[in-house]
Amino acid sequence: MEFNRSIIITGGAGFIGSHVVRLFVNKYPEYRIINVDKLTYAGNLANLKDIEDKPNYTFVKADICDFDAMSALIRDERVSGIIHLAAESHVDRSIKDPFTFARTNVMGTLSLLQAARLYWESLPERYEGKLFYHISTDEVYGALQMTHPDGIEPPFTTTASSGTHHLAYGDSFFLESTPYSPHSPYSAAKASSDHFVRAFHDTYGLPAIVTNCSNNYGPYQFPEKLIPLFINNIRHRKPLPVYGRGENVRDWLFVEDHARAIDVIFHNGKPSETYNIGGFNEWKNIDIVKVLIETVDRALGRAEGEDMDLITYVTDRAGHDLRYAIDSSKLQKELGWEPSLQFEEGIEKTVRWYLDHQEWLDEVTSGEYQKYYENMYSGR
Ligand code: NAD
Ligand code: TYD
């Protein structure tokens with residue numbers, strides 16, 4: 001079959017990447033979708049079982065840091081678009097092992113940028129019809145305060161410039177123009193990679209887009225992150241390690257809404273632009289934990305709130321950012337994207353998915369990962 005373009009999606013075996021690969025493979029049979037993934041502990045081809053036999057899908061096991069492999073792949077497949085998600089993504093791991101984060105997130109991104117640039121510059125049409133789309137995080141902007149100019153206690157209702165009314169824990173939000181101020185080795189490495197992408201645009205004219213998204217949740221997220229970890233622990237009546245007092249605020253978006261935003265931006269976004277992606281959905285960690293306990297208990301037919309005593313306050317994460325809150329008005333106004341799911345509905349769906357996929361959880365929490373995990377949290 002003839003395809004009208006080849007697109008590389010890096011990190012397609014991970015959490016968000018698998019949703020992006022699935023969306024593109026199903027929606028665009030005319031595109032050849034090449035999933036490039038090293039299959040670290042976070043990458044799992046079981047996440048893509050339903051599409052692995054589709055004629056427009058190919059998997060390539062490779063390390064994005066391998067410049068020769070990336071160059072050969074981009075050239076041989078005549079790639080015209082790259083959607084780059086591969087990264088080390090867990091803040092707690094970055095605190096333990098910052099080098100791996102610098103290697104993959106910074107050097108890996110640089111290797112892809114350089115490989116794409118040299119190939120595209122060698123073509124007669126050069127950059128025409130080409131795009132390097134880099135997926136980043138709101139964590140690069142640093143931490144926001146929980147304040148209101150009139151001293152009103154959060155949360156309070158506020159209105160974004162897109163006209164959206166929502167509950168907020170402070171009067172400031174991350175905008176595309178917010179200066180970078182990363183605090184964790186993870187966010188420092190992501191910030192550095194974002195700078196390289198923009199530098200390649202400014203220096204060589206490489207068509208590039210960067211998007212910064214808030215915390216994602218949904219199916220196929222590795223159970224080291226808050227929501228899947230806690231759902232699994234509640235099910236098995238294991239302690240729920242809440243960092244500090246559980247007062248930190250995160251802004252949550254259902255992963256399929258992020259994938260839809262990536263689709264819209266890949267096709268209609270303006271090269272050289274940055275777009276923030278988020279659903280104006282701020283939650284205190286402790287409130288999410290309570291919602292998770294109620295939802296899991298209800299789904300399992302347990303007495304409501306029966307598992308509240310699993311909440312265990314533990315030593316706070318070093319450098320723990322107080323509040324993230326993203327203003328995605330630009331994306332909503334310019335490209336017409338908006339989130340499709342209310343949080344309550346998304347959490348119901350997510351809890352149901354993890355309860356129905358115990359096998360998937362068992363597989364990814366067995367063996368090597370389990371050893372690492374026990375080691376990481378020993379002493380708490
Ligand atoms: P994830 O950890 O679930 O998946 C990362 C994937 O990248 C895995 O499949 C892994 O095998 C692969 N990978 C890691 N190192 C690699 C390498 N050297 N070469 C090739 N592949 C490699 O991550 P995620 O949560 O799906 O995040 C994906 C991207 O989205 C990341 O860039 C992350 O910074 C960004 N992001 C994540 C969130 C979130 O809430 N999870 C929010 C905003 C942005
Ligand atoms: P996480 O899912 O690791 O995402 P991120 O650090 O990228 O925001 O954590 C979400 C929030 O939950 C964050 O404030 C840290 C907190 N947290 C806990 O309190 N306990 C845990 O075991 C984990 C994994 C996270």
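None of the figures in this text is laboratory data; all of them are computed from the coordinates on show. Since this is a predicted model, take the numbers as computed values, not measurements. For neighbour counting, all protein chains shown are included, and Cβ atoms are generated from backbone atoms with ideal geometry for every residue, glycine included.
Here are some notes:
- For region 268-298 and region 162-207, distance of Cα centres in Å: 17
- Local charge for GLU77 was computed over the other residues whose Cβ lies under 11 Å away, with Lys and Arg +1 and Asp and Glu -1, and equals +3.
- Gyration tensor over alpha-carbon atoms, the chain, equivalent ellipsoid semi-axes in Å: 33, 24, 20
- Sequence-distant contacts, meaning Cα pairs under 8 Å at least 6 residues apart, place the relative contact order of the chain at 17 percent.
- On Cα atoms only, tilt of 15-27 relative to the major axis of the chain in degrees: 50
- Positive-pole candidate from THR40, ASN56, PHE67, dipole of region 40-81, charges at beta carbon: ASN56
- Over 30 Å apart at the Cα level, from the set LYS61/LYS96; LYS27/LYS61; LYS49/LYS290; LYS49/LYS225; LYS27/LYS330, are LYS49/LYS290.
- Within a Gaussian network of the chain (alpha carbon springs, distance under 10 Å), most fluctuating of VAL242, VAL60, VAL210: VAL60
- Proximal lysines to LYS333, defined as alpha-carbon separation beneath 19 angstrom and excluding residues fewer than eight positions away on the same chain: LYS270
- 0 to 90° range, to nearest 10: angle between helix 343-356 axis and the chain longest Cα axis: 90
- Of all DSSP beta bridges in the chain, antiparallel share, percent nearest 5: 15
- Listed residue (MET107, TYR220, TYR204) projecting farthest to the positive dipole end of region 5-378, Cβ model: TYR204
- Under the convention that each Lys and Arg Cβ holds +1 and each Asp and Glu Cβ holds -1, the size of the dipole of region 94-160 around its Cα centre is about 400 debye.
- Over the chain: helical MRE at 222 nm, DSSP H runs n ≥ 4 each giving -39500 (n - 2.57), nearest 500: -11500 deg cm²/dmol
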